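Notes for the one structure printed next.
The values are calculated or read from the model by the stated rules, or taken from the named source; none is laboratory data. Remember, it's a predicted structure, so these values are computed and weren't measured experimentally. So basically every Cβ, Gly included, is an ideal-geometry build from the backbone, and we count neighbours across all protein chains shown. With ligands, DNA and RNA removed, areas are computed over all heavy atoms of the protein, side chains included. Shrake-Rupley method; radii C 1.70, N 1.55, O 1.52, S 1.80 Å.
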Amino acid sequence: MKYFMANWKMNGDRSFWYNLAEQTAEQAKKFKADRFVIFPPFVALADVENALFEADKNMFLGAQDVSDEESGAFTSQVSADMLKGMGCSYVLVGHSECREYLGQPDELLALKVKAAQEKGLKVVLCIGETLDEYENKESIQVVVSQLEKCLEVSKSPELLAVAYEPVWAIGTGKVATVEDIKPIFESIKKTLLDKFGAKGDNVALLYGGSVKADNATEIFSVDEINGVLVGGASLDATSFVDIARSAQF
Ligand code: PEP
């Protein structure tokens, strides 16, 4: 099974979300063996859930962030229980835009992973190095450290996927080469095996960063990669589902 995950970020409006969800679900039906997950903005969750309701079971709903707290005086935050109540089964944790613009450090992300998994949500943990770190050849060291810190208190490899997204490749049109990413995915796998034993082998590994139909075949040629997390190209149903089409080869 391959994973195709759509991060819509802070784009669109009510009619756009509904139409995009419906069109994506309709086109994704052709790829029954694969799993599609849509991460719309929080305010779109109800509409997107309705649009997906009639769709095939290969479409799942996720949220772009989750609070580490259960409930209470945490203005603006959204809890794991609330997300489950809205039909979410997935949540993104540690997207580089949340790390950078919301100042979310690894220690907080570890608590978010725990809070989400304790409620049965599947966490897609995002890790990735900046351009400076890449140029200084620190990519492996940075992603392994992020992974270890963010999983410090997680006990649920069965509720985990890891998305490696080099920050310099997100929204830039630059895609890391197979030579760049292969050793990174090997290190991620080793870290997961060290932490979770044999169960670490079942954690799905995704690549993200300017993925499109014309680079998907090459990305999926890396053995360790089980899926992709897609930003820009997921805002059009055909460009998004075309990635799944390319990944069949
Ligand atoms: C992302 O934001 O997770 C992402 C991968 O974006 P893009 O595909 O636009 O680079």
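Counted by Cβ distance under 9 Å from Ala244, the other residues give a net charge of +1, where Lys and Arg count +1 and Asp and Glu count -1.
Each Cα pair under 8 Å and six or more residues apart adds its separation to the average, and for the range 3-246 the resulting relative contact order is 19 percent. Note on exposure: Ser221, Ser234 ranked by accessible area (1.4 Å probe, complete protein assembly) read Ser221, Ser234, with the most exposed listed first. Our helix-only sum for the chain, with -39,500 (n - 2.57) per DSSP H run of n ≥ 4 divided by its residues, gives a mean residue ellipticity at 222 nm of -12500 deg cm²/dmol. Met82 exposes around 100 Å² of accessible area when a 1.4 Å probe is run over every protein chain in place.
Per-residue packing, averaged as other Cβ atoms within 10 Å, sorts the ranges 136-142, 183-189 into the order 183-189, 136-142, beginning with the highest.
Using the structure shown, list the pairs from Lys137/Lys174; Lys114/Lys199; Lys2/Lys112 with a Cα-Cα distance above 19 Å, or answer none. Walk me through the intermediate numbers first.
On the way: Lys137/Lys174 17 Å; Lys114/Lys199 17 Å; Lys2/Lys112 25 Å.
Table pairs above 19 Å Cα-Cα are Lys2/Lys112.
Where q = 0.17 Å⁻¹, what log10 of I(q)/I(0) comes from the Debye formula for the chain, counting one point per Cα? The calculated log intensity ratios at q = 0.17 Å⁻¹ are -1.35.
Separation of the range 36-53 from the range 188-241 is 21 Å, based on Cα centroids. Sorting Glu165, Glu158, Glu49 by accessible area puts them as Glu158, Glu49, Glu165; the probe is 1.4 Å, largest comes first, and only protein heavy atoms count.
Which order, highest average first, do 20-28, 192-200, 168-176 follow once you tally other Cβ atoms within 10 Å for each residue and take the mean per peptide?
Working: 20-28: 20.8, 192-200: 14.8, 168-176: 17.0.
By packing density, highest mean first, the sequence is 20-28, 168-176, 192-200.
What FRET efficiency, computed as 1/(1 + (r/R0)^6) with R0 = 22 Å and r the Cβ-Cβ distance, is obtained for Met1 and Met86, rounded to the nearest 0.05? In this case the efficiency is close to 0.35. Packing here is the average count of other Cβ atoms within 10 Å per residue, and on that basis the peptides 96-105, 239-248, highest first, run 239-248, 96-105. One quarter of the surface of the convex hull around the alpha-carbon atoms of the range 16-117 equals 7.0 nm², the direction-averaged projected area.
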